[in-house]
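The values are calculated or read from the model by the stated rules, or taken from the named source; none is laboratory data. Everything numeric in this text was worked out from a predicted model, so none of it was measured. Positions of Cβ are generated from backbone atoms using ideal geometry, with glycine treated the same way; all protein chains shown enter the neighbour counts. Side chains included, ligands, DNA and RNA excluded: accessible areas come from the protein's heavy atoms. Shrake-Rupley method; radii C 1.70, N 1.55, O 1.52, S 1.80 Å.
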Amino acid sequence: LPLCFPQKLWKMLESDQFQSIWWSEGGKCVAINKDLFKVEVLGRGVCQQVFNTRCIKSVIRQLNLYGFTKMQRDFQRSASLPEFLAEEAAASAHSQILYYYNPSFNRAHPWLLGTCKRR
């Protein structure tokens with residue numbers, strides 16, 4: 001049987017094959033480096049495709065359909081200009097990373113994977 005979206009996602013996260021997606025927040029969130037994911041996962045040839053799409057928006061739509069919510073990263077800003085500019089540069093690089101959370105998708109509780117249902 002073909003794997004459903006959450007199962008594919010889980011296999012990717014547990015694999016050493018992908019650098020663009022990983023567990024974050026102690027295994028409670030999925031982190032995706034958007035630009036690297038487009039090349040590494042969505043840019044694969046037909047025989048090696050993980051998802052039936054080449055579009056990051058379709059993957060995000062699937063995350064939303066399965067109950068994942070996007071997490072925002074809060075940055076504390078410094079008062080001094082040099083520190084602020086350095087933090088802005090880091091935040092810009094950091095903005096390529098998307099974080100998604102689903103209470104039923106937790107590395108420490110793999111048995112909950114079966115409760116990840118499409119809305």
### Query
Among the residues of region 26-65, how many are in contact with a strand residue (DSSP E or B) (Cβ under 9 Å, 6 or more places away or on another chain) and over 20 Å from Gln96 (Cβ atoms)?
1
### Query
Pick from region 1-13 the residues that are open to solvent by less than 90 Å² (accessible area, probe 1.4 Å), without any contact (Cβ under 8 Å) to a residue 60 or more places away in the chain and outside any loop (DSSP other than H, G, I, E, B): which of them is nearest to Arg119 (Cα to Cα)?
Lys8
## Note on the structure
The condition of being touching a Gly at 6+ places or on another chain (Cβ under 8 Å), over 15 Å from Lys28 (Cβ atoms) and either surrounded by 12 or more Cβ atoms within 10 Å (Cβ to Cβ) or at pLDDT 75 or above (or both) holds, among Arg54, Arg61, Arg44, Arg107, only for Arg54
